[in-house]
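Chemist: Sharing a structure here in structure tokens format.
The values are calculated or read from the model by the stated rules, or taken from the named source; none is laboratory data. If you're wondering where the values come from, they're calculated on a predicted model, not measured in any experiment. Cβ placement follows ideal geometry from the backbone for every residue including glycine, while neighbour counts extend to all protein chains displayed.
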Amino acid sequence: MTNPAVEICPACGVKIIAGQKVIFSAGSPGDRAILWARVCQFAKKPGCINQDAAAIAGAQVRAMPSLKSTLFSK
Ligand SMILES: [Zn+2]
């Protein structure tokens, strides 16, 4: 029986399962890059668990290549 770790971002309120899959309160599931693009880059609140550029970059390479310039241009 598997029991994937579920993290809940205290700033954004979304669930991250096994460090990868993101469950939004509305809409279809995504990954950390999509979460960052949709929520975390705007939230910028203390305690947000999705501000790790390396983890986001690892996800965005698969999901949203166009995010790369957004992530690293600042
Ligand atoms: Zn967050």
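Chemist: Mind listing whichever residues of the range 1-30 are more than 10 Å from the ligand (Cβ to nearest atom), assigned to a loop (DSSP other than H, G, I, E, B) and either touching a residue at least 24 places away in the same chain (Cβ under 8 Å) or of a type in the set (A, V, I, L, M) (or both)?
Modeler: M1, A5, A18, G19, Q20, A26, listed by residue number.
Chemist: So, one more: Determine whether the range 48-63 contains at least one residue that is assigned to a loop (DSSP other than H, G, I, E, B), away from the ligand (no atom under 11 Å from the Cβ) and surrounded by 12 or more Cβ atoms within 10 Å (Cβ to Cβ).
Modeler: Scanning the range 48-63 turns up no residue that is assigned to a loop (DSSP other than H, G, I, E, B), away from the ligand (no atom under 11 Å from the Cβ) and surrounded by 12 or more Cβ atoms within 10 Å (Cβ to Cβ).
Chemist: If you take the residues in the range 36-45 that are without any contact (Cβ under 8 Å) to a residue 24 or more places away in the chain and part of a helix (DSSP H, G or I), which one is farthest from I56 (Cα to Cα)?
Modeler: This residue is F42.
Chemist: Out of A33, A43, I need the residue that is modelled with pLDDT under 90, among the small types (G, A, S) and near the ligand (Cβ under 10 Å from one of its atoms). Which one?
Modeler: A43
Chemist: Just one of F24, F42 is among the aromatic types (F, W, Y) and surrounded by fewer than 16 Cβ atoms within 10 Å (Cβ to Cβ); which is it?
Modeler: On inspection, the qualifying residue turns out to be F42.
Chemist: Conditions first: (1) at pLDDT below 85; (2) closer than 19 Å to V6 by Cβ; (3) of a type in the set (A, V, I, L, M). M64 passes all but one, so which condition is the exception?
Modeler: (2)
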